[in-house]
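Written out below as structure tokens is the structure these notes cover.
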Amino acid sequence: MRSQVRLQKLDFWLRNPDYLADELLTDFETSGELRLLQLAGDILNSEEPEVRRYPMLRHHFGAYEPLDDALAVLRSAGLIARRRRGTVDRVRQHDYYLLKAGEQVAEQIVRGAPAFGYYVDWVALVVALADGLGGTDLKKRQYLQREYYPAARGTRIGPVSTRARARFAQLREHQTDQDAGDQ
């Protein structure tokens, strides 16, 4: 994974299923791909936006949580590697690598605890959502959320679940009307 900014933005969608679902709705409106509407509905019609939400802090450049402590456990176990680019005085970029041992441990966890399968599915959704976008592009996209951008620096970014559920209901109703008209 190239850049800490990109990792932070992807982490935000993983930790905030309501924002992930809302972004899927945005992509549905652009593409008309019914699968995206269904995926957003699967998230929003469940308790996941409340139960699996792990808010992030609003920092200078959007959602942020210090990564060093969380990743230190993975690095010390030889599951991931981090490479810094730049000079001794100024790191320009952090790159993160999932090592073979990390891949094997992740596969063992999912096999041994199938309940974590949802997380693998969400990672695939987030990666698809971010396909071709760098950290700055993802940051700009997240700033379009009216609850995200104005959050005060140092505070937790609030949920969008109520708005996203209303938006989903409206889009689903419109799609149902459209489907009925096509018949």
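The values are calculated or read from the model by the stated rules, or taken from the named source; none is laboratory data. Keep in mind that this is a model prediction, so the values were computed, not measured. Neighbour counts are summed over all protein chains in view; Cβ atoms, including those assigned to glycine, are modelled from backbone coordinates with ideal geometry. Accessible surface areas use protein heavy atoms only, side chains included; no ligands, DNA or RNA. Shrake-Rupley method; radii C 1.70, N 1.55, O 1.52, S 1.80 Å.
Just a few scattered comments:
- Hz values of 3J(HN,Hα) by residue in the range 60-76 - Karplus curve (6.51, -1.76, 1.60), Gly and Pro given as x: 3, 10, x, 4, 7, 9, x, 8, 4, 5, 5, 7, 4, 4, 5, 5, 5
- Rounded Å value of the spacing that divides the Cα centres of the range 62-80 and the range 167-183: 43 Å
- Relative contact order (%) - criterion: Cα under 8 Å, at least six apart; region: the range 1-74: 33 percent
- Entry comment: accessible area of the chain is 60 Å² per residue, from protein heavy atoms only and a probe of 1.4 Å.
- Tensor-based shape of the range 85-136 (alpha-carbon gyration tensor, a/c under 1.5 rounded, otherwise prolate or oblate): oblate
- Relative packing of peptides 6-12, 24-30 - highest average C-beta neighbours within 10 Å first: 6-12, 24-30
- Taking only protein heavy atoms and a 1.4 Å probe, the accessible area of the chain is 54% carbon and sulfur.
- Full extension of the segment from Asp69 to Gln183, taken as 0.36 nm per residue of separation minus the current Cα-Cα distance, would add 35.4 nm.
- The relative contact order of the range 80-183, computed from alpha carbon pairs under 8 Å that lie at least 6 residues apart in sequence, is 11 percent.
- Degrees separating the helix 4-15 axis from the principal Cα axis of the chain, which is the longest one: 50 degrees
- Relative contact order, whole percent, for the chain stands at 32, derived from Cα pairs under 8 Å and 6 or more residues apart.
- Global form of the range 46-122, assessed from the alpha-carbon gyration tensor, a/c cut-off 1.5: oblate
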